[in-house]
Amino acid sequence: MANSIFLATKELTKIYDSITVLQGVSIDFYKGEVHALIGENGAGKSTLCKMLSGAISPASGQIVIEGQAYDGLNPEESKKLGVGMVYQEFNLVAELSVYENMFIGKELKKGAFLDKKEMIRRAKEVFENMGVELDVMKTISQLSVAYCQLVEIAKALLENSKLIIFDEPTAPLTNNEVDVLFEIIHRLKEQGIAIVYISHRMDEIFNICDKVTVLRDGQYITTQTIEETSREELIRLMIGRELSSEFPERVENIYKDDEIIMEVENLNTSKIHDISFQLKKGEILGLSGLVGSGRSEIVRAIFGADRIKSGDIKINGEKVTMKTPQDAIKKGVALLPEDRKREGLMLNQSIKLNMTITFIDKLAKGPFVNKKMEQDSVEKSVKLLSVKLASVENPISSLSGGNQQKVVLAKWISTGCDILFFDEPTRGIDVGAKKEIYDFLFRLKNEGKSIIIISSEMPEILGLCDRILVMYEGKMMGELDAKEATQEKILTLASGITE
Amino acid sequence: MTKKKDISTFITAYQKFGILVILIVEIIIFAILSDKFFATNNLMLVGRQISFFGMSAVGMTMVLLLGEIDISVGSILAFSGCLAVKLMEEGGINPFIACVIAVGISVLFGFLTGVFVTRFQIPSLIATLAMQQIIKGCTYLLTGGIPIRASSEGFKFFGQGFVFGVVPTPILFMIALFIIGFVVLHSTCFGRRIYAVGGNNEAARLSGIKTNKVRIIVFMISAATAGIAGIIMASRMGTGQPSVGTDFAMDVLTATVLGGVMLTGGKGKILNVFIGAIIIGILTNGLVLLDVLEYWQWIVKGFVFLFAVAMSNIELFFNKDK
Ligand SMILES: Nc1ncnc2c1ncn2[C@@H]1O[C@H](COP(=O)(O)OP(=O)(O)OP(=O)(O)O)[C@@H](O)[C@H]1O
Ligand SMILES: [Mg+2]
């Protein structure tokens, strides 16, 4: 190969509280190559990359950058040596604007003052090059997860890095933005930049990667070129066994077609307009659309998380008002929110508290928590979703991204609600665990629960839902039945084209 | 790299045993420097001193766990003591009922603070700073700035009596409050909700928790514990003293933060706060025993507070390993 190695890890090891989470991993990353890093949740992918970016330091081993060996890097050194990283969990300051976030720690100055004009110009330029329309003056707290992700990417592009690590960059993105990202990656590659790409979406690996390294339980398994491997083989290497199929057999609705659980009529908020639809018993309803099309806003409004301007909601034929999430939960409605860090988790609290907080009063006698019931409930969820953890008393921040997501899922599944809204339920979850979650969703369905799923992953929408509603700019463009739905039909509706 | 390891071992050790070590070192220092320190009389005095900080620290712990702060506790302390005595002496009300009314009105102040913080979105530092002033004004209106003497023997028992012949009643009250605080935080749904709201307000709201209600109740609890401390202090002195409590909030905060409760919320254990209260009680007493000029005491305590806050954030300083 004409290319040369930019960065190599030599026997990198990381230990947390006497648990070895990465053991003697050696990988070579070449210039101008897109190198995928795959493995189950908790395999050690993020840990490895955080050592490269200097966020954490290795217990032993070395990082070799352009021939020079280092025992460990700090973030400044790493940046100087040309390593940029888009983290799995965002590191944006909510109160600052997009451009201010992009220039944190490297503000441009004109004399003693900040050169705002230049910073804004440069920030705009990056987004223009990315082909993304975004007002750089907006504050981060006004942005959806997808846009936060795009800001993180833009931030990394600003650096002139020689190696860029993308840790699950597409998890919150829909097809359009993913295409944008891939185009960017292609361009970076042509400039001879080395790319490390982490994702649980197999299609993406085969779409843009040149090489793939598999990690399992902190161990290096193998590195292969993309031509010599296959999807099935990679999955087998990742989970250590065969996975018969990635999707379970579709389950038809076993309940009568006319049993309507929830009815929404002319719902309006500041972001969605005149939304009407019905949700049937034992049905999985999909909400599709581009980022910012108002999918999340519909479920948030029903759940009482956002203010409703007008409109009616009926549950079991009865008109209800749900002004707060608490009201909604009482009525048997649950919402798994889209942004787990901002809306889903109490990061510094224990895994146990996070798993039970939504229904803690059901684990209590009077005001007192029944510790045994609490423990049982937690253990059940851990087993059900195979959460990889050391102790349920540990803070949830010590879990890998995918395992954190499983905890958020657990806390909503266990509430016993009959109407469940899942906003990107499998975000960051590995292939094996995803299948188990799909199985579980079908089980809920058979028990007569009604589910709304929002997902940016087309196969998920097509594979799970009975009906699909497609949104465009806050309006509902149409409804597709599972039997007639195809990716093309959904995308056509999602881009606002009506026949 | 080994240096980094040393630091992280040190952090873990400090978080586990740090304040116990501080307590022991403190006791040794004062025992060496002053022969009066271990005198029975003095120990009783320290015990009572600790109990006032301790009682209020129970409420303060919950406030800090939410990521809020309450600096109005000193004013509540003075107010509640004065009101109780005034009701008894001038209103001729039964001492017990007078105390209940005094605590009740303290709780009302806490409710007001809570409303300002939640409904009007005023940062608690500002809201309680204002409340401190307001409550102080009420106290002086009530008393005209003149201490009121309490004559009821029954009332004096709260602060001056002994249980089982040896344990001063204030200590008993404090221990009772700590036990209640411990149970609330560790074994009730409400306790879980406090940690949840302190951990991430938005996530807590979306989990169906009425975050504003939790906040208001916690400010009421803090006012209640400060009010109880105020009554017992008045009973101990035998007077309702409008001028007490000027440094009280600072001492309570220091005790709480020494106990490892983070000012940013969500993290801290109440048992350590108990030790924190002992440390502050002994420090106050020791400085007096050693005849340290009061001005110097202020300076020392200011630094101790800064130290406590710095140590509660220690991870953020050294350890980027997250
Ligand atoms: N701060 C920490 N303290 C203790 N353990 C940790 C910490 N951070 C990560 N771990 C553990 O290290 C292991 C590897 O985590 P890592 O985040 O690297 O996984 P990952 O491969 O990125 O998984 P995912 O696909 O879920 O993002 C996990 O088992 C996790 O629990
Ligand atoms: Mg990860």
In the protein assembly as shown, if the dipole is taken from +1 on Lys/Arg beta carbons and -1 on Asp/Glu beta carbons about the Cα centre, which of B:SER80, A:ASN207, B:ILE148 is farthest to the positive end?
B:ILE148
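Let me have the 222 nm mean residue ellipticity of the protein assembly as shown computed from DSSP H runs of 4+ only, each contributing -39500 (n - 2.57), with the sum over all residues rounded to the nearest 500. Provide the component values of the computation, followed by the final result.
Details: 31 runs with 400 residues, N = 821.
Counting only the DSSP helices, I get -15500 deg cm²/dmol.
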Rank B:ILE32, B:ILE179, B:ILE221 by how far each Cα sits towards the positive end of the charge dipole of the protein assembly as shown (+1 on Lys, Arg Cβ; -1 on Asp, Glu Cβ) and give me just the farthest.
B:ILE32
If you average over every viewing direction, what projected area does the convex hull of the Cα atoms of chain B give, in nm²?
17.9 nm²
Values of log10 I(q)/I(0), in the order q = 0.14, 0.15, 0.18, 0.23 Å⁻¹, for the range B:163-283 under a Debye, Cα-only, solvent-free model:
-0.70, -0.79, -1.08, -1.50
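Compactness ratio of the range A:201-245: Cα Rg over 2.2 N^0.38 Å, N = residue count?
Normalised by 2.2 N^0.38 Å, the Cα Rg of the range A:201-245 equals 1.10.
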Computed over all unlike Cα pairs, the Kirkwood hydrodynamic radius of the protein assembly as shown in Å stands at 29.6 Å
How far apart, in nm, are the 7 Å Cα→Cβ label points at B:GLU294 and A:GLN191?
6.7 nm
A correct Stokes-Einstein calculation for the range A:313-426, using the alpha-carbon Kirkwood radius, 4 °C and 1.567 mPa s, returns a whole-number D in µm² s⁻¹ of 88 µm²/s
Residues whose built amide H sits under 5 Å from the amide H of A:PHE6, excluding neighbours closer than 5 in sequence, are A:PHE29, A:TYR30, A:LYS31
Seen from all sides and averaged, what is the projected area of the convex hull of the Cα atoms in the range B:161-216, in nm²?
4.8 nm²
Which of B:SER243, A:SER46, A:SER57 has the fewest other C-beta atoms within 10 Å, and how do the rest follow up to the most?
B:SER243, A:SER57, A:SER46
Surpassing 20 Å at the alpha-carbon level, of the pairs A:LYS435/A:LYS489; A:LYS50/B:LYS16; A:LYS162/A:LYS211; A:LYS50/B:LYS269; A:LYS31/A:LYS80; A:LYS14/A:LYS435, are A:LYS435/A:LYS489; A:LYS50/B:LYS16; A:LYS50/B:LYS269; A:LYS14/A:LYS435
Other residues with Cβ under 12 Å from the Cβ of A:SER245 give, with Lys and Arg +1 and Asp and Glu -1, a net charge of -1
Residues A:TRP412, B:TRP296 arranged by fewest to most Cβ contacts within 10 Å:
B:TRP296, A:TRP412
If the viscosity is 1.567 mPa s and the temperature 4 °C, what Stokes-Einstein diffusion coefficient in µm²/s follows for the range A:112-252 when Rh is the Kirkwood radius over Cα pairs?
74 µm²/s
Two decimals is fine: what is log10 I(q)/I(0) at q = 0.19, 0.28 Å⁻¹ for the range A:381-446, from a Debye sum with one equal scatterer on every Cα and no solvent?
-0.73, -1.45
Surpassing 25 Å at the alpha-carbon level, of the pairs A:LYS155/A:LYS341; A:LYS271/A:LYS319; A:LYS341/A:LYS483; A:LYS323/A:LYS411, are A:LYS341/A:LYS483
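Counting DSSP beta bridges in the protein assembly as shown, what percent are antiparallel, to the nearest 5? Present the calculation step by step, with values, prior to reporting the outcome.
Numbers: 51 of 87 bridges.
Here the antiparallel bridges make up roughly 60 percent for the protein assembly as shown.
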Other residues with Cβ under 13 Å from the Cβ of B:ALA78 give, with Lys and Arg +1 and Asp and Glu -1, a net charge of +1
Starting with the highest mean, order A:416-425, A:14-23 by the number of other Cβ atoms within 10 Å, averaged over the residues of each peptide.
A:416-425, A:14-23
Taking the Cα centre of each part, how many Å lie between the range A:420-499 and the range A:248-318?
12 Å
Once the principal axes of the Cα atoms of the range B:42-187 are found, what is the range along each, listed largest first in whole angstroms?
48, 40, 27
Alpha carbon centre of the range A:1-26 versus the range B:168-225: separation in Å?
45 Å
Rg over Rh [alpha-carbon atoms, Kirkwood Rh] for the range A:63-102
1.11
Mind checking the angle between helix A:431-446 and chain A's longest principal axis? C-alpha axes, 0 to 90 degrees, to the nearest 10.
0 degrees
When 1/r is averaged over all different Cα pairs and the result inverted, which Kirkwood radius in Å belongs to the range A:55-130?
15.0 Å
Mean projected area, convex hull of alpha-carbon positions in the range B:263-303, reported to one decimal in nm², is 3.5 nm²
Please give the charge dipole size of the protein assembly as shown, origin at the Cα centre, charges +1 on K and R Cβ atoms and -1 on D and E Cβ atoms. Round to the nearest 20 debye.
2480 debye
Just rank B:MET250, A:MET477, A:MET137, B:MET131, fewest to most, by other beta-carbon atoms within 10 angstrom.
A:MET137, B:MET250, A:MET477, B:MET131
Dipole of the range B:25-314, Cα-centred, from +1 at each Lys and Arg C-beta and -1 at each Asp and Glu C-beta, to the nearest 20 debye?
800 debye
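All of the numbers you see were taken from the coordinates with simple rules; none came from a lab. This one's a predicted model, so the numbers in the text were calculated from it and none came from an experiment. Counting neighbours? That spans all protein chains shown, and the Cβs are built from the backbone with ideal geometry, glycine included.
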